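Read through the structure below, which is laid out as structure tokens, and then see the notes.
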Amino acid sequence: MIVGSAPGFPHGIIDPIEELGELAVSYGICLHVDLCLGGFVLPFARKLGYPIPPFDFTVQGVTSISADVHKYGLAPKGTSIVLYRNHDIRKLAYVTEWSGGLYVSPTIAGSRPGNVIAGAWAAMISLGQEGYLEHTREIMEASKRIQQGVKEIPELFIVGRPDMTIVAFGSNVIDIFEVNDILSSKGWHLSPLQRPNSIHICVTLQHVPVVDEFLNDLKDSVQTVKKNPGPISGGLAPIYGAAGKIPDRGMVSELLVDYMDNAC
Ligand SMILES: Cc1ncc(COP(=O)(O)O)c(C=O)c1O
């Protein structure tokens with residue numbers, strides 16, 4: 001099986017699903033599309049007229065799709081959907097192995113809470129297609145404004161061409177993780193990314209009324225770092241900077257495991 005993302009979490013860019021579909025068909029293997037982040041945005045963005053590349057079962061070769069209701073579907077955490085192209089493929093995911101009695105589960109996961117499923121149902125029924133369409137309109141417009149604002153800051157560059165509501169940006173002249181620390185001190189918590197060093201904002205409805213405020217704080221933070229480069233007390237820039245430079249990814253992974261082991 002091969003997997004493509006629509007979009008990938010770091011940069012909000014949709015993988016070339018059509019090309020992956022051709023590969024899957026030519027090798028006779030399955031293609032899963034991770035639409036966890038995009039599932040409740042991309043279909044609506046396309047309806048709104050945004051140029052969204054193909055990502056779903058209309059693409060030959062796509063055999064399954066996952067879409068998280070607990071992300072842009074606005075349902076409680078712990079709810080996602082897997083869709084299969086047909087029943088034969090779906091049946092392959094069923095689990096019947098059990099040491100006692102008769103047992104069948106549609107997925108590997110066994111016991112699950114019903115309350116979050118009820119929450120997901122309630123979110124989808126109460127918002128409906130119109131609700132998701134309106135939310136998508138608002139967050140797509142906000143992310144376009146953020147993209148434009150970032151482009152206007154000469155010290156920054158946007159990573160790739162974002163397809164939806166995630167905007168990742170870095171810098172060739174200042175330490176972007178230092179910018180992130182200053183932003184954090186102002187109450188903005190973006191995600192640091194590596195390869196290339198960058199940070200991203202995942203635009204949600206909460207950001208819609210504060211786009212200008214965010215862009216002003218971003219401009220100020222860039223100027224602060226430009227005038228006073230160097231880590232701030234309690235900042236995470238040195239850690240992210242160092243981790244990005246370690247060529248041995250296994251070592252980074254070991255450090256993370258040790259961190260988790262000590263934190264729990
Ligand atoms: C594209 C994509 N797939 C999968 C996941 C995993 O989602 P979760 O941690 O909710 O299971 C994420 C999380 O952000 C994501 O962005």
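Just so it is clear, none of the values below were taken in a lab; they were calculated from the coordinates. Predicted model only: the values in this text are computed from it and were never measured. Here the Cβ positions follow ideal geometry from the backbone for every residue, glycine too, while neighbour counts run over all protein chains shown.
Okay, here's what the table says:
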read-out	value
Estimated inter-spin distance, residue 9 and residue 66, nm [label 7 Å along Cα→Cβ]	1.0
Extension gain from residue 141 to residue 239, taking 0.36 nm per residue of separation minus the Cα-Cα distance	31.9 nm
Local net charge near residue 137, Cβ-Cβ under 14 Å (Lys/Arg +1, Asp/Glu -1)	0
Whichever lysines have a C-alpha closer than 30 Å to that of residue 245, once near sequence neighbours (fewer than 8 apart) are set aside	151, 186, 219, 226, 227
Efficiency of FRET between residue 23 and residue 96 - r from beta-carbon atoms, R0 30 angstrom, step 0.05	0.45
Binned Cα-Cα distance frequencies in segment 77-234 - 10 Å width, integer %	9, 28, 23, 19, 15, 6, 1
Exposure proxy ranking, count of Cβ atoms within 10 Å, fewest first, for 66, 253	253, 66
Packing-based exposure ordering (other Cβ within 10 Å, fewest first) of 80, 233	233, 80
Inverse mean reciprocal Cα-Cα distance (Kirkwood Rh) of the chain, Å	20.8
Cα-centred dipole magnitude for the chain, charges only on beta-carbon of K, R (+1) and D, E (-1), debye, nearest 20	260
Fewest-first sequence of 48, 156 by Cβ atoms within 10 Å of each Cβ	48, 156
Neighbourhood charge, 12 Å Cβ-Cβ cut-off, centred on residue 58 and excluding it, Lys, Arg +1 and Asp, Glu -1	0
Efficiency of FRET from Cβ geometry, residue 204 and residue 251, R₀ 41 Å, rounded to 0.05	0.75
Within segment 202-240, backbone nitrogen closer than 17 Å to the virtual label 7 Å beyond the Cα of residue 258 toward Cβ	239-240
Rounded to 5, the percent of DSSP beta bridges in the chain classed as antiparallel	65
Dipole of segment 2-125 [Lys/Arg +1, Asp/Glu -1 at C-beta], most positive-end residue of 17, 116, 32	116
Reachable lysines from residue 47, criterion Cα separation under 17 angstrom, eight or more residues apart if same chain	144
DSSP loop chymotrypsin sites (Phe, Trp or Tyr not before Pro) with at most 11 other Cβ within 10 Å: longest gap in the chain	104-264
